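A.B. asks: Pasting in a structure now, in structure tokens, and then I'll have a few things to ask.
The values are calculated or read from the model by the stated rules, or taken from the named source; none is laboratory data. The structure presented is a predicted model; accordingly, all values stated were derived computationally and were not measured. We place every Cβ from the backbone using ideal geometry, glycine too, and count neighbours over all the protein chains shown. Surface accessibility is based on the protein's heavy atoms, side chains included, excluding ligands, DNA and RNA. Shrake-Rupley method; radii C 1.70, N 1.55, O 1.52, S 1.80 Å.
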Amino acid sequence: MGNPKAFLTIPRKEAGYRPVNDRIKDYGEVEQTLNPEDRRLQASRCMECGVPFCHWSCPLGNRQPEWQDRLYKNDIRGAYRLLTATDDFPEFTGRVCPALCEKGCVLNKQHEPVTIRENEAAIVERAFLEGIVEPHIPARRTGFRVAVIGSGPAGLTCANRLNRKGHSVTVFEKNEAVGGLLRLGIPDFKLNKTVIDRRLALLREEGIEFRTGVNVGVDIPASELLDDYDAVCIAIGSEVPRDLRIDGRELKGIHFALELLQQQNRVNAGQEIAADSRITAKNKNVLVIGGGDTGSDCVGTAHRQGAASVTQIEIMPMPPEGDNPDTPWPYWPVVLKTSSSHLEGCTRRWLLDTRRFIGDADGHVAEAELEEIEWADDPATGRKKIVRTGKVEKIKADLVLLALGFTNPVAEGLLEQLGVDKDTRGNIKVDADMSTSVPKVFAAGDASTGASLVVRCMASGRQAAEGIHKYLSTK
């Protein structure tokens, strides 16, 4: 490293967020950027540890110390080359990855890790700005054709890797635009969709074909792809949402989180939504059930739609702040996470179970009945079980958003037609090379693992591409 002792004198400096009063009025990205000199200083804080736990923590195996050094030395071309050797789309991970690498950074023992994620985003943005990012068109084609079903991070990564190896790749997407949940699930204030379009233009120039508005298994039979392509990769995600089957669930004004997020992203993209189908938080008391990232995205979206109040509840206990002895460094710390959306104003509560929804005379939700619970050890199973306290309350709720996660990929249509084996959770069962029980059919991302992180989906897509390439090489 150019300055191996910089971490002793240079403190961690984050770019921070735009002022709350400004950002809640639009859907522009909330995160700011540092000037190039400050960014170089932040990169200099990496001390190139003998055992780089940042590398160990990253599902992609990013070589953070190497490209931190290149960034510090202002070698953006070299930094981008090293970064993209392991990360196909750093402009995505640099914005939406929870930065497992930073939690593994040795400096995180003092809660002052290197700003790895921000540095990553800075490298790729400067690379685009300076014309360093160029299309890589394969010198020759192998003659093999591969179909990738789904254009989320797993599908795009798989397609990119296979195309680079010379295979002809067609990506099928059931929605009107490419990107999967990057496009429709993640709010624009975290990931502006022009960032996706910029990369897609390169992928198309490199030879990847995209077919949107095609739901394989519905619009065309799965057998058609098996006949027309030498290999197929299923990357359809995990789209079956976890539901609450309680009294009042049928009331109007209760929606799955993704219904709100997808609709708002479509509105931002210029689509017209009929008034009677529009989900809006304007002047409403919003209740978000579920304390994860999707719930947080609902909080931020509700603020921008003009909610009167936003409450987010979670059935699990409140995580500890700062340190958690149960998850010590360098493991991912299970601690309280406060997002930019939470900072915009939100009542957050834990250990609450939703018992029922109460409607008004028009059949619209008006209240939610909640009960305080506790968690205790079950002597019979050794697992935690819910203990009800009997403390019940009702809170106003004109709009309820269920952000309870996802259980498994949709089985109807594609998976049923292919007849792939599934595990006990309903996910596609795969081998080490990501192959399924059906010859020449592979799977990647959430469809094979269950709902996970963007960075893990990309790693899975890369693994599937290797498996498919190995399979095609034997033909």
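A.B. asks: Would you pick out the residues in the stretch 240-265 that are within 30 Å of residue 443 (Cβ to Cβ), in a loop (DSSP other than H, G, I, E, B) and open to solvent by less than 50 Å² (accessible area, probe 1.4 Å)?
C.D. replies: 243, 244
A.B. asks: Would you check if residue 406 is among the aromatic types (Phe, Trp, Tyr) and open to solvent by less than 30 Å² (accessible area, probe 1.4 Å)?
C.D. replies: Here the answer is no, as residue 406 does not meet what is asked.
A.B. asks: For the condition out of contact with any helix residue (DSSP H, G or I) (no Cβ under 8 Å at 6 or more places or on another chain) and on the phi > 0 side of the Ramachandran plot, what is the one hit in 290, 213?
C.D. replies: When all the criteria are applied, what remains is 213.
A.B. asks: Filter the stretch 89-104 down to the residues that are open to solvent by less than 10 Å² (accessible area, probe 1.4 Å) and acidic (Asp, Glu) and list them by number.
C.D. replies: Within the stretch 89-104, the subset open to solvent by less than 10 Å² (accessible area, probe 1.4 Å) is 89-94, 99, 104.
Within the stretch 89-104, just 91 meets the criteria.
A.B. asks: Identify the residue in the stretch 281-293 that is touching a residue at least 40 places away in the same chain (Cβ under 8 Å) and out of contact with any Asp or Glu (no Cβ under 9 Å at 6 or more places or on another chain) and, among all such residues, is farthest from residue 244 (Cα to Cα).
C.D. replies: This residue is 293.
A.B. asks: Something else about it: For the stretch 110-122, give me the residue count where each residue is assigned to a helix (DSSP H, G or I) and either among the charged types (D, E, K, R) or open to solvent by less than 10 Å² (accessible area, probe 1.4 Å) (or both).
C.D. replies: Taking the stretch 110-122 as the starting set, the residues that turn out to be assigned to a helix (DSSP H, G or I) are 110, 116-122.
Still in the list and also either among the charged types (D, E, K, R) or open to solvent by less than 10 Å² (accessible area, probe 1.4 Å) (or both): 116-120.
The total comes to 5.
A.B. asks: For residues in the stretch 16-67 being touching a residue at least 60 places away in the same chain (Cβ under 8 Å) and of a type in the set (S, T, N, Q), which is farthest from residue 110 (Cα to Cα)?
C.D. replies: 33
A.B. asks: Please work out which one of (1) out of contact with any strand residue (DSSP E or B) (no Cβ under 8 Å at 6 or more places or on another chain); (2) over 29 Å from residue 442 (Cβ atoms); (3) of a type outside the set (Lys, Arg); (4) surrounded by 11 or more Cβ atoms within 10 Å (Cβ to Cβ) is the condition residue 419 fails and give its number.
C.D. replies: Of everything listed in (1) out of contact with any strand residue (DSSP E or B) (no Cβ under 8 Å at 6 or more places or on another chain); (2) over 29 Å from residue 442 (Cβ atoms); (3) of a type outside the set (Lys, Arg); (4) surrounded by 11 or more Cβ atoms within 10 Å (Cβ to Cβ), residue 419 misses just condition (2).
A.B. asks: Follow-up. Among the residues of the stretch 55-65, is there at least one that is under 26 Å from residue 322 (Cα atoms), open to solvent by less than 60 Å² (accessible area, probe 1.4 Å) and touching a Gly at 6+ places or on another chain (Cβ under 7 Å)?
C.D. replies: The answer is yes, given that some residue of the stretch 55-65 is under 26 Å from residue 322 (Cα atoms), open to solvent by less than 60 Å² (accessible area, probe 1.4 Å) and touching a Gly at 6+ places or on another chain (Cβ under 7 Å).
A.B. asks: Hey, among the residues in the stretch 294-319 that are touching a residue at least 60 places away in the same chain (Cβ under 8 Å) and of a type in the set (D, E, K, R), which one's surrounded by the fewest Cβ atoms within 10 Å (Cβ to Cβ)?
C.D. replies: Here the answer is 304.
A.B. asks: Mind listing just one residue for me: the one in the stretch 66-84 that is among the aliphatic types (A, V, I, L, M) and surrounded by fewer than 23 Cβ atoms within 10 Å (Cβ to Cβ) and, of those, nearest to residue 126 (Cα to Cα)?
C.D. replies: 76
A.B. asks: Could you tell me whether any residue of the stretch 397-419 is farther than 28 Å from residue 217 by Cβ and within 24 Å of the chain's Cα centre (by Cα)?
C.D. replies: The initial filter retains those residues of the stretch 397-419 that are farther than 28 Å from residue 217 by Cβ, namely 397-401.
Keeping just the survivors that are within 24 Å of the chain's Cα centre (by Cα) gives 400-401.
Among the residues of the stretch 397-419, at least one is farther than 28 Å from residue 217 by Cβ and within 24 Å of the chain's Cα centre (by Cα), which makes the answer yes.
A.B. asks: Here is a further query. For residues that are among the β-branched types (Val, Ile, Thr) and modelled with pLDDT of 95 or more, scanning just the stretch 434-475, find the one that is surrounded by the fewest Cβ atoms within 10 Å (Cβ to Cβ).
C.D. replies: So the residue we want is 438.
A.B. asks: For residues that are assigned to a helix (DSSP H, G or I) and touching a residue at least 60 places away in the same chain (Cβ under 8 Å), scanning just the stretch 76-104, find the one that is farthest from the chain's Cα centre (by Cα).
C.D. replies: Of all residues in the stretch 76-104, those assigned to a helix (DSSP H, G or I) come to 76-84, 90-96, 100-104.
Filter once more, so that each one left must be touching a residue at least 60 places away in the same chain (Cβ under 8 Å): 91-93, 95-96, 100, 103-104.
Values: 91: 13, 92: 9, 93: 9, 95: 10, 96: 6, 100: 13, 103: 18, 104: 20 Å.
Among residues in the stretch 76-104 that are assigned to a helix (DSSP H, G or I) and touching a residue at least 60 places away in the same chain (Cβ under 8 Å), the one farthest from the chain's Cα centre (by Cα) is 104.
A.B. asks: Still on this model: Of the residues that sit in the stretch 1-31 and are open to solvent by 60 Å² or more (accessible area, probe 1.4 Å) and in a loop (DSSP other than H, G, I, E, B), which one is modelled with the lowest pLDDT?
C.D. replies: 4
A.B. asks: Can we say residue 424 is out of contact with any helix residue (DSSP H, G or I) (no Cβ under 9 Å at 6 or more places or on another chain) and at pLDDT below 95? Break it down stepwise before answering.
C.D. replies: Working: out of contact with any helix residue (DSSP H, G or I) (no Cβ under 9 Å at 6 or more places or on another chain): yes; at pLDDT below 95: no.
The answer is no for residue 424.
A.B. asks: Restrict the check to the stretch 266-287 and report whether at least one residue is surrounded by fewer than 17 Cβ atoms within 10 Å (Cβ to Cβ), polar (S, T, N, Q) and under 23 Å from residue 29 (Cα atoms).
C.D. replies: Yes - at least one qualifying residue is present in the stretch 266-287.
A.B. asks: While we're looking at this one, here's another question. Kindly indicate which of 34, 107 is open to solvent by less than 20 Å² (accessible area, probe 1.4 Å) and either modelled with pLDDT of 95 or more or in a loop (DSSP other than H, G, I, E, B) (or both). Before the answer, list the steps.
C.D. replies: Details: 34 fails: open to solvent by less than 20 Å² (accessible area, probe 1.4 Å).
The match here is 107.
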